[in-house]
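Reading through the structure tokens given below for one structure.
The values are calculated or read from the model by the stated rules, or taken from the named source; none is laboratory data. Everything numeric here is computed off the predicted structure, so don't read it as measured data. All Cβ positions, even for glycine, are placed from backbone atoms using ideal geometry, and neighbour counts span all protein chains on display.
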Amino acid sequence: MDATYIIALIVESDQWHGNAMKLINTVSKSDKVITQAMIIETINLIGKCKGGKVGKRIYEYIQDNYAIYNKPDLLNRSIDEFLKYDGTLSLADSTALITMQDLKIHEIVSFDKHFDNKERIVRIH
């Protein structure tokens, strides 16, 4: 799961809010995996837009409804992925790609075009 989906779902003024709302049923029926880096990105932006209390509620929701993937070598492997794309893919997004490789996941819910044209990845948007 990419931060852009959760942010768009919560922040009504987000350009992708309507699209996010249309995906709720699909997403709610799926197993959801997220990295700590994506959680940080998500909560930072939601906190900025909606305040700390909303950010905390979303954090608790993520804890209760998502598998949080965090392996000891995830960040080190993700920095290599970050370098592979010469910084055009964020480090947080790189953690998502490595996680997807590890878990053999081929779809990501995201409004971020940076996930397009990545090997064996289909962006749901």
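When restricted to residues that are at pLDDT 95 or above and polar (S, T, N, Q), the stretch 66-89 contains 2.
Across the stretch 53-85, the qualifying residues are those that are assigned to a helix (DSSP H, G or I) and among the β-branched types (Val, Ile, Thr), and the one among them that is nearest to the chain's Cα centre (by Cα) is ILE62.
Per the conditions (1) part of a helix (DSSP H, G or I); (2) among the aliphatic types (A, V, I, L, M); (3) closer than 19 Å to ILE105 by Cα, the sole criterion not satisfied by ILE40 is (3). Can you find a residue in the stretch 14-29 that is among the β-branched types (Val, Ile, Thr) and more than 13 Å from the chain's Cα centre (by Cα)? Scanning the stretch 14-29 turns up at least one residue that is among the β-branched types (Val, Ile, Thr) and more than 13 Å from the chain's Cα centre (by Cα). Looking only at residues in the stretch 22-50 that are crowded, with 16+ Cβ neighbours inside 10 Å and free of Cβ contacts under 8 Å to residues at least 24 places away in the same chain, the one that is nearest to MET1 (Cα to Cα) is ILE43.
Against the definition (assigned to a loop (DSSP other than H, G, I, E, B), among the hydroxyl-bearing types (Ser, Thr, Tyr), touching a helix residue (DSSP H, G or I) at 6+ places or on another chain (Cβ under 9 Å) and under 20 Å from GLU119 (Cβ atoms)), how does THR88 come out, yes or no? Against the criterion (assigned to a loop (DSSP other than H, G, I, E, B), among the hydroxyl-bearing types (Ser, Thr, Tyr), touching a helix residue (DSSP H, G or I) at 6+ places or on another chain (Cβ under 9 Å) and under 20 Å from GLU119 (Cβ atoms)), THR88 qualifies.
Conditions tested, residue by residue: (1) closer than 17 Å to ARG123 by Cβ; (2) small (Gly, Ala, Ser).
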position	(1), (2)
GLY55	no, yes
GLU60	no, no
PRO72	no, no
ILE79	no, no
THR95	yes, no
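From the list LEU103, LEU83, LEU97, LEU91, the one residue that fits, being buried (at least 17 other Cβ atoms within 10 Å of the Cβ) and not β-branched (Val, Ile, Thr), is LEU97. Only one entry in GLU12, GLU60, GLU81, GLU41 is on the phi < 0 side of the Ramachandran plot, of a type in the set (Asp, Glu) and in contact with a Leu (Cβ under 6 Å, 6 or more places away or on another chain), namely GLU81.
Scanning the stretch 91-125 for residues that are over 20 Å from THR26 (Cα atoms), in a loop (DSSP other than H, G, I, E, B) and of a type outside the set (D, E, K, R) turns up just one, ASN117.
If the condition is being over 17 Å from ILE108 (Cβ atoms) and small (Gly, Ala, Ser), then the stretch 43-79 contributes GLY47, GLY51, GLY52, GLY55. Residues of the stretch 76-101 that are touching a His at 6+ places or on another chain (Cβ under 9 Å) and of a type in the set (S, T, N, Q): THR88, SER90. Please indicate, with yes or no, whether at least one residue in the stretch 37-53 is acidic (Asp, Glu), at pLDDT 95 or above and within 21 Å of ILE124 (Cα to Cα). Yes; the residues of the stretch 37-53 include at least one that is acidic (Asp, Glu), at pLDDT 95 or above and within 21 Å of ILE124 (Cα to Cα).
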